[in-house]
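Visitor: This structure is in structure tokens; I'll ask about it shortly.
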Amino acid sequence: MFKNPRRILIIDTDAERCTLLVDYLRLEGFHALPAHAVDAGLNAVENEALDLIICDEVLPGMTCEAMLAALRLRSDAPVLMLAGTEEGAEALKKAGADDAVVKPCPPRDLYSHIGGILRRTSSARATATPIVVGPIVVNPAERVAKAGNRPVELTTTEFSLFELLARNAGGPVSKEEIYPKVLGRSMGPYDRAIDVHVSSIRHKLSAVVGKALAIESVRGVGYQLIVRSPEELQSL
């Protein structure tokens with residue numbers, strides 16, 4: 001169905017159902033990842049490159065709306081929710097889910113919903129033009145950044161931030177713009193979340209391209225991505 005195995009995360013505290021779903025998706029050729037708890041699911045979303053998130057509506061200590069918001073903060077992967085009723089499925093779609101199905105959903109029907117979401121996502125990403133910044137090529141369609149054949153191993157959030165800086169290379173990007181676009185929220189008092197991500201990206205960039213690229217702090221504003229010339233590199 002797809003050239004490369006799509007990575008699908010299943011967040012469901014019902015371990016038996018989660019395992020059955022993971023096994024079925026693997027048989028269909030997907031790379032399926034299980035998460036049996038909210039924290040495990042959110043951690044996977046933060047650190048894995050995902051093509052789709054399937055999430056049950058029943059999660060201890062968290063409403064569906066709160067879970068959807070938490071997923072959106074961490075990833076731009078589409079979300080398919082598992083609902084208990086038709087009314088619940090419609091409510092979840094209105095709350096921001098890309099799709100929702102009623103449990104128990106026949107495997108072939110679920111496969112059809114998954115295929116529809118992935119086709120829409122693939123079509124949208126196919127229109128994204130790669131961004132070249134110095135030795136790095138940023139590919140929004142595949143959500144990867146590479147120098148030649150060497151990938152920069154970025155998390156989902158780090159890639160979103162690096163892509164934003166790459167699109168504006170040579171010019172400053174304010175934190176007021178970065179926070180909503182990358183984290184889906186406004187910047188709070190004494191908020192250093194983006195600073196932590198920038199520090200991690202700097203380290204990963206340095207490991208791949210040395211000093212050819214730099215993310216510089218712009219005092220009172222935010223950050224800018226700089227491509228250093230050969231002359232500048234010789235003087236460093």
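Visitor: If we only count strands (runs of 3 or more DSSP E) wholly inside region 130-188, which ones have 2 or more residues that are loosely packed, with under 14 Cβ neighbours inside 10 Å and touching a helix residue (DSSP H, G or I) at 6+ places or on another chain (Cβ under 9 Å)? Steps first, please.
Guide: Working: elements: 131-133, 136-139, 144-147.
Qualifying strands (runs of 3 or more DSSP E): none found.
Visitor: Collect the residues in region 168-201 that are touching a Phe, Trp or Tyr at 6+ places or on another chain (Cβ under 7 Å) and within 21 Å of E46 (Cβ to Cβ), keeping them in residue-number order.
Guide: R185, S186, M187, I194, V198, I201
Visitor: Among the residues that make up region 177-192, is at least one of them farther than 24 Å from R7 by Cβ, touching a residue at least 24 places away in the same chain (Cβ under 8 Å) and among the acidic types (D, E)? Step through it out loud before you land on a result.
Guide: First, the residues of region 177-192 that are farther than 24 Å from R7 by Cβ: 177-180, 185-192.
Those still in the list that are touching a residue at least 24 places away in the same chain (Cβ under 8 Å) too: 177-178, 185.
Of the ones still in play, those that are also among the acidic types (D, E) are 177.
Yes, some residue in region 177-192 is farther than 24 Å from R7 by Cβ, touching a residue at least 24 places away in the same chain (Cβ under 8 Å) and among the acidic types (D, E).
Visitor: If you scan region 66-96, which residues turn out to be in contact (Cβ under 8 Å) with a residue 60 or more places away in the chain and either touching a Lys or Arg at 6+ places or on another chain (Cβ under 6 Å) or over 25 Å from L183 (Cβ atoms) (or both)? Full working, then the answer.
Guide: Step one: filter region 66-96 for residues in contact (Cβ under 8 Å) with a residue 60 or more places away in the chain, giving 69, 72-77, 82.
Once the filter is applied, which keeps residues that are in contact (Cβ under 8 Å) with a residue 60 or more places away in the chain and either touching a Lys or Arg at 6+ places or on another chain (Cβ under 6 Å) or over 25 Å from L183 (Cβ atoms) (or both), region 66-96 yields only L82.
Visitor: Of the numbered conditions (1) out of contact with any Ser or Thr (no Cβ under 8 Å at 6 or more places or on another chain); (2) modelled with pLDDT under 90, L20 fails exactly one; give the number of that condition.
Guide: With (1) out of contact with any Ser or Thr (no Cβ under 8 Å at 6 or more places or on another chain); (2) modelled with pLDDT under 90 applied to L20, the lone miss is (2).
Visitor: Please specify each residue of region 189-232 satisfying the condition of being among the small types (G, A, S), surrounded by fewer than 18 Cβ atoms within 10 Å (Cβ to Cβ) and farther than 15 Å from P135 by Cβ.
Guide: Matches in region 189-232: A193, S199, S200, S217, G220.
The values are calculated or read from the model by the stated rules, or taken from the named source; none is laboratory data. These figures come from a predicted structure and were not determined experimentally. Please note: Cβ atoms are built from the backbone with ideal geometry, for glycine as well, and neighbour counts cover all protein chains shown.
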